[in-house]
Amino acid sequence: MNNSTGILMVEAIELIKRYDNIYLVSHVQPDGDNIGSTLALAKAIEKFKGGIKVIKVDDIPSDYQFLPGIDMIKNYDINEPIDLLISLDSSDLNRLGLGKEFARKAKRVINIDHHITNDNFGDINIVSPSSAATGEIVYEFIKKMAVDIDKDIATCLYTAISTDTGSFIYSNTTYKTHLIVAELLKVGIDVETININLYQNRSMARTKLFIDSMNSLETYLEGKVGVIAVTQEMLKAYDAKMEDTEGLISFVRGIDSIEVACLLKEIDKNEVKVSLRSKKRIDVSRICNKFNGGGHIRAAGCTINERLPVTKDIILEEILMNFR
């Protein structure tokens with residue numbers, strides 16, 4: 001972390017000391033970095049001064065139900081007093097879902113994130129695009145708080161960092177990532193159990209959805225672009241949930257010829273969520289920015305309010321343009 005980030009962390013910690021009604025929130029469609037970072041910081045603040053609340057803005061995927069403190073994520077009344085809101089792993093207020101209203105009501109907002117597209121919506125913005133995961137920033141923040149990182153906190157941080165680096169294989173993984181993880185391992189976390197829950201716990205519904213979605217794979221530009229889709233009909237056929245699409249896009253990107261992988265998720269008749277991943281050449285965040293989305297150079301997403309076939313044509317045209 002650079003000096004300016006360190007100063008911002010000190011200012012943020014002072015706000016935590018000052019205020020009593022503190023809420024934590026993260027983005028809709030929760031993932032490992034989102035949940036792990038939020039729970040780690042919640043547990044740290046609980047040790048620091050207590051009185052922390054974590055807002056539930058969406059259903060928690062089954063993959064992360066094993067995390068210590070998962071029951072801290074609850075529904076809260078917007079009419080309760082809110083002094084300080086801490087947002088984690090969200091590039092803008094709209095990504096917070098109903099948490100956006102809590103942010104608007106709060107006296108102060110701290111924004112902790114690692115997305116390059118973050119629009120600095122907080123009163124204090126601790127944004128580090130060079131960090132592999134928000135979990136890395138939270139690790140530094142907790143160290144700055146001088147709170148002891150116990151097994152529960154370390155488990156949440158390890159989950160955050162492992163999932164957002166693709167189990168340490170994505171290009172965002174740095175030497176700092178490994179140094180932080182080494183410190184977490186020293187605490188004595190049960191890595192075997194964590195990894196089984198994260199990567200070796202696929203349900204039969206998810207497996208069948210995986211097979212069907214891969215059958216939808218279409219490639220373009222001599223195999224450089226791969227597109228798959230998950231429809232509502234497919235979800236119903238296997239009694240699967242949208243969370244069961246986890247890992248699909250990474251599998252497509254793993255094909256040897258693929259440079260850009262695209263996953264289309266049909267949320268509703270006229271709403272499709274687009275996930276893009278790239279290997280080396282294409283900045284997918286630039287593509288998603290055109291549709292009011294965002295993310296990272298190699299991983300980004302957006303929502304297009306059209307039917308699935310139309311969305312496919314729109315996003316595919318944009319992807320192909322970036323190869324010219």
Residues of region 161-178 satisfying the condition of being open to solvent by 30 Å² or more (accessible area, probe 1.4 Å), part of a helix (DSSP H, G or I) and not acidic (Asp, Glu):
163, 175, 176, 178
When residues of region 274-324 are filtered for being under 19 Å from residue 234 (Cβ atoms), of a type in the set (Lys, Arg) and without any contact (Cβ under 8 Å) to a residue 60 or more places away in the chain, how many remain?
1
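Looking at 85, 41, 96, 67, which is the one that is more than 23 Å from residue 149 (Cα to Cα), open to solvent by less than 10 Å² (accessible area, probe 1.4 Å) and either touching a helix residue (DSSP H, G or I) at 6+ places or on another chain (Cβ under 7 Å) or among the polar types (S, T, N, Q) (or both)? Step through it out loud before you land on a result.
Numbers: 85 fails: more than 23 Å from residue 149 (Cα to Cα); 41 fails: more than 23 Å from residue 149 (Cα to Cα); 67 fails: more than 23 Å from residue 149 (Cα to Cα).
Exactly one of 85, 41, 96, 67 is more than 23 Å from residue 149 (Cα to Cα), open to solvent by less than 10 Å² (accessible area, probe 1.4 Å) and either touching a helix residue (DSSP H, G or I) at 6+ places or on another chain (Cβ under 7 Å) or among the polar types (S, T, N, Q) (or both), namely 96.
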Could you check, for region 64-84, whether at least one of its residues is touching a strand residue (DSSP E or B) at 6+ places or on another chain (Cβ under 8 Å) and hydroxyl-bearing (Ser, Thr, Tyr)?
yes
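If the requirement is being touching a Phe, Trp or Tyr at 6+ places or on another chain (Cβ under 8 Å), open to solvent by less than 50 Å² (accessible area, probe 1.4 Å) and at pLDDT 95 or above, which of these qualifies: 287, 304, 258, 249? Walk me through it before giving the result.
On the way: 287 fails: touching a Phe, Trp or Tyr at 6+ places or on another chain (Cβ under 8 Å); 258 fails: touching a Phe, Trp or Tyr at 6+ places or on another chain (Cβ under 8 Å); 249 fails: touching a Phe, Trp or Tyr at 6+ places or on another chain (Cβ under 8 Å).
It is 304.
If I ask for residues that are outside any loop (DSSP other than H, G, I, E, B) and either open to solvent by 20 Å² or more (accessible area, probe 1.4 Å) or of a type in the set (Val, Ile, Thr) (or both), which ones from region 140-151 would you list? Steps first, please.
Of all residues in region 140-151, those outside any loop (DSSP other than H, G, I, E, B) come to 140-145, 151.
Matches in region 140-151: 140, 142, 143, 144, 151.
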Hits in region 191-234 (condition: of a type in the set (Val, Ile, Thr) and under 27 Å from residue 311 (Cβ atoms))
207, 211, 219, 225, 227, 228, 230, 231
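Counting only residues that are open to solvent by 50 Å² or more (accessible area, probe 1.4 Å) and in a loop (DSSP other than H, G, I, E, B), which one in region 99-120 is farthest from residue 157 (Cα to Cα)? Spell out how you get there, then give the answer.
Looking only at region 99-120, we keep the residues that are open to solvent by 50 Å² or more (accessible area, probe 1.4 Å), and these are 101, 104-105, 107-108, 116, 119-120.
From the residues that got through so far, the ones that are in a loop (DSSP other than H, G, I, E, B) too are 107, 116, 119-120.
On the way: 107: 28, 116: 21, 119: 24, 120: 23 Å.
Residue satisfying both the conditions and the ranking: 107.
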Among the candidates 76, 158, single out the residue that is surrounded by fewer than 18 Cβ atoms within 10 Å (Cβ to Cβ) and under 30 Å from residue 189 (Cβ atoms).
76
For region 121-137, which positions are free of Cβ contacts under 8 Å to residues at least 60 places away in the same chain, open to solvent by 10 Å² or more (accessible area, probe 1.4 Å) and within 17 Å of residue 26 (Cβ to Cβ)?
121, 122, 127
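The values are calculated or read from the model by the stated rules, or taken from the named source; none is laboratory data. Note that the structure is a prediction, hence the values are computed from the model and not measured. Positions of Cβ are generated from backbone atoms using ideal geometry, with glycine treated the same way; all protein chains shown enter the neighbour counts. Heads up: the accessible areas ignore ligands, DNA and RNA and are worked out on the full protein's heavy atoms, side chains in. Shrake-Rupley method; radii C 1.70, N 1.55, O 1.52, S 1.80 Å.
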